[in-house]
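Participant: Handing you a structure now.
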Amino acid sequence: MRLMRFVLALIVFAIGLLWSLQGLGLVRGSFMTGQTHWLYIGILTMLVGLLGLGWASRSRI
């Protein structure tokens, strides 16, 4: 169960990173490219992923 939480949090973090990079215009090929509000959504998603990683590493089960 702990591994599943860790992997899920890591996926959330990676999606947030991708959205941030698309918002900055560094990753092309999407409607999100160059849209700065996706940068902020991505940063928020990365923070949720980091919180999830912290929660997964502290859980006992």
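The numbers here are math on the coordinates, done by the rules we state, and not lab data. Computed from a prediction, not measured in an experiment: that's the story for all the values here. FYI the Cβ positions are ideal-geometry reconstructions off the backbone, even for glycines, and counts take in every protein chain you see.
Participant: Take each of the peptides 29-38, 15-24, 45-54, average the number of other beta-carbon atoms within 10 Å over its residues, and list them starting from the highest. Walk me through the numbers before you get to the answer.
Facilitator: Numbers: 29-38: 13.4, 15-24: 18.8, 45-54: 16.0.
Highest mean packing first, the order is 15-24, 45-54, 29-38.
Participant: If you filter the chain for trypsin sites (Lys or Arg not before Pro), then keep DSSP loop positions with at most 13 other Cβ within 10 Å, what is left?
Facilitator: Numbers: sites: 2, 5, 28, 58, 60; in loops: 28, 60.
When the trypsin sites (Lys or Arg not before Pro) of the chain are filtered for loop state and at most 13 Cβ neighbours within 10 Å, 28, 60 remain.
Participant: Stretch residue 40-residue 14 to full length: gain in nm at 0.36 nm per residue minus the Cα-Cα span? Before the final figure, lay out each step's value.
Facilitator: Working: separation 26, 0.36 × 26 = 9.36 nm, distance 1.45 nm.
Length difference between fully extended and current span is 7.9 nm.
Participant: On to the next question. If amide hydrogens are placed 1.01 Å from N in the peptide plane, which non-local residues have theirs closer than 5 Å to the one on residue 27?
Facilitator: For residue 27, whose amide H was placed from the backbone, the distant partners under 5 Å are 22.
Participant: Here is a follow-up. Per-residue ellipticity at 222 nm for the chain, helices alone: DSSP H runs ≥ 4 residues times -39500 (n - 2.57), over residue total, nearest 500 deg cm²/dmol? Walk me through the intermediate numbers first.
Facilitator: On the way: 2 runs with 46 residues, N = 61.
The per-residue figure over the chain is -26500 deg cm²/dmol.
Participant: So, one more: Work out, in µm²/s and without decimals, the Stokes-Einstein translational diffusion coefficient of the chain at 37 °C, 0.692 mPa s, Rh from Kirkwood over C-alpha pairs. Intermediate results must be reported in sequence, preceding the final value.
Facilitator: Values: Rh = 11.7 Å.
Answer, rounded: 279 µm²/s.
Participant: Can I ask one more? Take residue 30 and residue 57, extend 7 Å from each Cα along the Cα→Cβ direction, and tell me the distance between the two endpoints in nm.
Facilitator: 2.6
Participant: Hey, another quick one. Give the angle, between 0 and 90 degrees and rounded to the nearest 10, that separates the Cα long axis of helix 2-24 from the longest principal axis of the Cα atoms of the chain.
Facilitator: That works out to roughly 10 degrees.
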